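A quick write-up on the structure given underneath.
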Amino acid sequence: MSKLEEIRSVVEAGRLRYVEDLIHQALGEGYTPAQILEQAMVPAMRSAGEHYKSNESDIPKILAAARCMRRGLDVLEPYIEKDQGSHVIGKVILGTVEGDLHDVGKNLVAIMFRSAGFQVIDLGVDVSEKQFLKAVRENPDVSIVCLSSLLTTSMGAMRQVVRTLREAKDTRLLRIMVGGGSVTKEFAEEIGADAYSETAVEAAELAKTFLI
C-alpha cells in the first residue's frame, strides 16, 4: 500500500492520530502537497460522504473524517505557501456565507487557490453580504470572490451576496464563483454567479481563466 493509499484509508476511517505522521512521511518520499490532497484526502472525504448518503455510515464517522481532513490541511498549508513564494497572479476573497459554519471545503479551496498562485483573503464562516462588500471595497485589487455553502438553508444568503455585489456600482466587474454541498450549476446560473465548481482543484483552475 502506497503512502497516498494509507492517508486515504486513515482519513476515511477518521483515525486522527495517524494523519499528521503519514502526511509528513509522504512529503518525505517526494509526494507533493497537491498529490496528497487530490489523490488521497479529497477522495477520502468524497467516499466518506457517499457512505453517509447511502446510510452506510453515521454522523460521528463523517465528523471524524472531517477532523482528519482539517488536520491534514493544517499540515500541508505551510508547504504550499512556501512553494508559492512571492509569485502572486491575483487576489481572491473567500468565505462561507451567513448561516453556515462549515469550513473544511472552504479551507481546501483556499489551499488550492494559494497553490495556484493566488493571494487569498479568507473571511471565515457565517459571512454576511455586508462583510463581503466591505472586504471587496477594502481590497480594490481583488478580481474574484468565492462563496461557499454546505447547507441548503444558507442558499438564500448566497443569493443575497451575489445580488449585493452585482448592484454595487464599484463591484460589478468582479467575478463571482460559488460552490459547496448545497450548490448546483443550475442554482449558480440562476443567482447570476460567473462560475460553479464541484471540486477545489477545479475552482482554482477556473479562477485562472478569469485572469487571461
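Assess whether residue 65 counts as being open to solvent by less than 60 Å² (accessible area, probe 1.4 Å), within 19 Å of the chain's Cα centre (by Cα) and modelled with pLDDT of 85 or more.
yes
Restricting attention to region 185-198, which residues are more than 20 Å from residue 143 (Cα to Cα) and in a loop (DSSP other than H, G, I, E, B)?
Answer for region 185-198, where residues must be more than 20 Å from residue 143 (Cα to Cα) and in a loop (DSSP other than H, G, I, E, B): just 198.
Would you be able to say whether some residue in region 5-20 is on the phi > 0 side of the Ramachandran plot and at pLDDT below 80?
Within region 5-20, not a single residue is on the phi > 0 side of the Ramachandran plot and at pLDDT below 80.
If you scan region 133-151, which residues turn out to be surrounded by fewer than 18 Cβ atoms within 10 Å (Cβ to Cβ) and within 17 Å of the chain's Cα centre (by Cα)?
151
Please verify whether residue 104 is open to solvent by less than 40 Å² (accessible area, probe 1.4 Å), within 15 Å of the chain's Cα centre (by Cα), closer than 24 Å to residue 186 by Cα and modelled with pLDDT of 85 or more, treating the condition exactly as stated.
Taking the combined requirement at face value, the residue does not satisfy it.
Quick one: which residue in 130, 208 is within 18 Å of the chain's Cα centre (by Cα), assigned to a helix (DSSP H, G or I) and farther than 21 Å from residue 104 by Cα?
208
So which pairs qualify, if the first residue must be in region 109-122 and at pLDDT 90 or above, the second must be open to solvent by 20 Å² or more (accessible area, probe 1.4 Å) and in a helix (DSSP H, G or I), the Cβ gap must be under 7 Å, and the two must be at least 6 apart or on different chains?
120/114
Mind listing whichever residues of region 21-34 are open to solvent by 20 Å² or more (accessible area, probe 1.4 Å), over 16 Å from the mean Cα position of the chain (by Cα) and within 23 Å of residue 202 (Cβ to Cβ)?
Those that are open to solvent by 20 Å² or more (accessible area, probe 1.4 Å), over 16 Å from the mean Cα position of the chain (by Cα) and within 23 Å of residue 202 (Cβ to Cβ): 31, 32.
Output the residues belonging to region 27-55 that are at pLDDT below 85 and either in contact with a helix residue (DSSP H, G or I) (Cβ under 8 Å, 6 or more places away or on another chain) or β-branched (Val, Ile, Thr) (or both).
34, 38, 42, 45, 47, 48, 49, 51, 52
Among the residues of region 175-194, how many are surrounded by fewer than 20 Cβ atoms within 10 Å (Cβ to Cβ), touching a strand residue (DSSP E or B) at 6+ places or on another chain (Cβ under 8 Å) and either under 20 Å from residue 117 (Cβ atoms) or touching a residue at least 40 places away in the same chain (Cβ under 8 Å) (or both)?
2
Identify, please: which residue in region 6-59 is out of contact with any Lys or Arg (no Cβ under 9 Å at 6 or more places or on another chain) and of a type in the set (S, T, N, Q) and is, among those, nearest to residue 180 (Cα to Cα)?
54
Would you mind stating whether residue 80 is of a type in the set (A, V, I, L, M, F, W, C), in contact with a Pro (Cβ under 8 Å, 6 or more places away or on another chain), closer than 24 Å to residue 120 by Cα and buried (at least 17 other Cβ atoms within 10 Å of the Cβ)?
For residue 80, the condition - of a type in the set (A, V, I, L, M, F, W, C), in contact with a Pro (Cβ under 8 Å, 6 or more places away or on another chain), closer than 24 Å to residue 120 by Cα and buried (at least 17 other Cβ atoms within 10 Å of the Cβ) - is met.
The values are calculated or read from the model by the stated rules, or taken from the named source; none is laboratory data. Computed from a predicted structure; not experimentally measured. Virtual Cβ from ideal backbone geometry, glycine too; neighbours counted across all protein chains shown. The accessibility values were calculated without ligands, DNA or RNA, using every heavy atom of the protein model including side chains. Shrake-Rupley method; radii C 1.70, N 1.55, O 1.52, S 1.80 Å.
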